[in-house]
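Notes follow once the structure below has been shown.
The values are calculated or read from the model by the stated rules, or taken from the named source; none is laboratory data. What you are looking at is a predicted structure, and each value in this text was computed from that prediction instead of being measured. Using ideal geometry, Cβ is built from the backbone for each residue, glycine included, and neighbour counts are taken over all protein chains shown.
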Amino acid sequence: MRSLEKRVDGFLKARDWNHLRPSDLAKSIMIEGAELLEIFQWSSMEIEDVLKDEYKFSELKKELADVMIYCIQMSVLLKLNTKKIIEDKLALADQKYPADLMKKKSVKPGNESLYLKIKMAHRAKRKS
Ligand SMILES: [Mg+2]
């Protein structure tokens, strides 16, 4: 992860883009996320369908990379340790959504109720 952060840092500095505002990057992350989502507009493709569709799979890889590059750019500009913030968030998600409980009630389309119940309970706790 550090080598990717260094590569992104070099990319930004070489273009004098190392003073971008976090808000600009947040917008760019969402814009690229929308481009990723656009690939699935008017379809509900399963994993196998995506893997079989060469064009869509190719576009998906590019848009996913765009999202991740902007995420790493924000991380670099804010001097964050990308690996650490991901690991910290995964640890929180591990606590919030216990694997044994989630596996039994796996989150599949049409079966999101336990996931949503836990998520809403955490949000209510944050507000109080
Ligand atoms: Mg793009």
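Could you list, in sequence order, the residues of the stretch 1-10 that are in contact (Cβ under 8 Å) with a residue 24 or more places away in the chain and part of a helix (DSSP H, G or I)?
2, 4, 5, 8, 9 - these are the residues of the stretch 1-10 that are in contact (Cβ under 8 Å) with a residue 24 or more places away in the chain and part of a helix (DSSP H, G or I).
Being among the basic types (Lys, Arg) and touching a residue at least 60 places away in the same chain (Cβ under 8 Å), is that true of even one residue in the stretch 90-110?
no
Within the stretch 16-68, how many residues turn out to be assigned to a helix (DSSP H, G or I), more than 14 Å from the ligand (Cβ to nearest atom) and without any contact (Cβ under 8 Å) to a residue 12 or more places away in the chain?
11
Taking the stated definitions as given, is residue 128 over 30 Å from residue 3 (Cα atoms), exposed (fewer than 10 other Cβ atoms within 10 Å of the Cβ) and either among the polar types (S, T, N, Q) or at pLDDT 90 or above (or both)?
yes
Restricting attention to the stretch 1-44, which residues are exposed (fewer than 13 other Cβ atoms within 10 Å of the Cβ), within 10 Å of residue 74 (Cα to Cα) and either of a type in the set (Asp, Glu) or not assigned by TED's automatic domain parsing to the domain that holds residue 62 (or both)?
None - no residue of the stretch 1-44 is exposed (fewer than 13 other Cβ atoms within 10 Å of the Cβ), within 10 Å of residue 74 (Cα to Cα) and either of a type in the set (Asp, Glu) or not assigned by TED's automatic domain parsing to the domain that holds residue 62 (or both), so the list stays empty.
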